[in-house]
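These notes are about the structure you will find just below.
Only the coordinates and a few stated rules stand behind these numbers; no lab work does. Note that the coordinates shown come from a computational prediction; the quantities given were computed from them, not determined experimentally. Don't worry about glycine lacking a Cβ; one is built from the backbone with ideal geometry, like all the others, and counts go over all protein chains shown.
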Amino acid sequence: EAGVAQSPRYKIIEKRQSVAFWCNPISGHATLYWYQQILGQGPKLLIQFQNNGVVDDSQLPKDRFSAERLKGVDSTLKIQPAKLEDSAVYLCASSSPRLFTDTQYFGPGTRLTVL
Amino acid sequence: SQELEQSPQSLIVQEGKNLTINCTSSKTLYGLYWYKQKYGEGLIFLMMLQKGGEEKSHEKITAKLDEKKQQSSLHITASQPSHAGIYLCGADPSGSARQLTFGSGTQLTVLP
């Protein structure tokens, strides 16, 4: 079974530029998550989708970050415009909701460097 | 909000030695997940604990959830260089088994 796919793996941009990340979850997984992981810290949830609907985006900086999951499969996360503090690894995870066994499986991440 | 504190923050051991990593929660743990991360890469799922007193093992890694369900430990027996990486504990803060809050991780180095 293929895992969670993410692209690109690395991205370097200058501040005020725009960037987009793509995620393809494990086949059949209805729930998709985007996390931000700053160096030396644990991942922090940005947004959670259930199929193509948003479950929680309370920690998403909506003035510059946006995310969508059209058709309930692939998802894209966009930053516009980027700031220096957005430098981080952006992780996508997916899960298949079943009561008390909701393990999240992570992709390899996209390392973003903002100069 | 739930906070997870991991200790130690970093650990350097000689190959073959045993080690323990702790994860302490500010609130009751409804589900505790252990992940391993290689630098700059994604998280690899290790184990999930749910019941107080529960213990699970996979190869040389054993994880326990204490009876009061506010602390978990990860124990590695006879460590190998392949065990090196960042170990992260994640907990479901609401009990709904839908979201995870993570600790800041423990960086493990195993010297050959």
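Evaluating 6.51 cos²θ - 1.76 cosθ + 1.60 at θ = phi - 60° for every residue in the range B:23-30, the Karplus couplings come out as 9, 10, 9, 7, 9, 4, 8, 8 Hz, glycine and proline recorded as x. Per-residue 3J(HN,Hα) values for the range A:81-96, derived from phi via the Karplus relation 6.51 cos²θ - 1.76 cosθ + 1.60 with θ = phi - 60°, read x, 7, 10, 4, 6, 7, 4, 4, 9, 9, 10, 10, 9, 9, 8, 10 Hz in sequence order (x marks Gly and Pro). P(r) for chain A, from all Cα pairs and a bin width of 5 Å, is 2, 13, 23, 26, 19, 10, 4, 1, 0 %, short bins first. Counting other Cβ atoms within 10 Å as a rough exposure proxy, the listed residues B:VAL13, B:VAL110 run B:VAL13, B:VAL110 from fewest neighbours to most.
Computed 3J(HN,Hα) for the range B:68-78, one whole-Hz value per residue from the Karplus formula 6.51 cos²θ - 1.76 cosθ + 1.60 where θ = phi - 60°, is 7, 6, 10, 8, 10, 10, 10, 10, 10, 9, 6, glycine and proline marked x.
Counting only DSSP beta bridges with both residues in chain B, the antiparallel share comes to about 90 percent. Partner shielding of B:37-49 amounts to 5, given as the average count of beta-carbon atoms from other chains within 10 Å of each residue beta-carbon. Counting Cβ atoms of other protein chains within 10 Å of each residue's Cβ and taking the mean over peptide A:41-54 gives 3. Number of Lys-Lys pairs in chain B with C-alpha atoms under 12 Å apart and a separation of 8 or more places or on different chains: 7.
The fraction of Cα-Cα pairs per 5 angstrom bin, counted from 0 for chain B, comes to 2, 13, 24, 26, 19, 10, 4, 1, 0 percent, rounded to whole percents. Over 31 Å apart: what share of the alpha carbon pairs of the protein assembly as shown falls there, rounded to a whole percent? Summing the P(r) of the protein assembly as shown above 31 Å gives 21 percent of all pairs.
State, as an integer percentage, the relative contact order of chain A based on alpha-carbon contacts under 8 Å between residues 6 or more apart. The partial results should precede the final answer.
Details: 288 pairs, mean separation 42.2, N = 115.
It comes to 37 percent, rounded to a whole number.
Here the range B:1-54 and the range A:5-25 have alpha carbon centers that stand 28 Å from each other. Take the Cα of B:SER10, step 7 Å along the line toward its Cβ, and report every residue of the range B:29-56 whose backbone nitrogen sits under 18 Å from that point. Of the residues in the range B:29-56, B:37-41 have backbone N under 18 Å from the label point off B:SER10.
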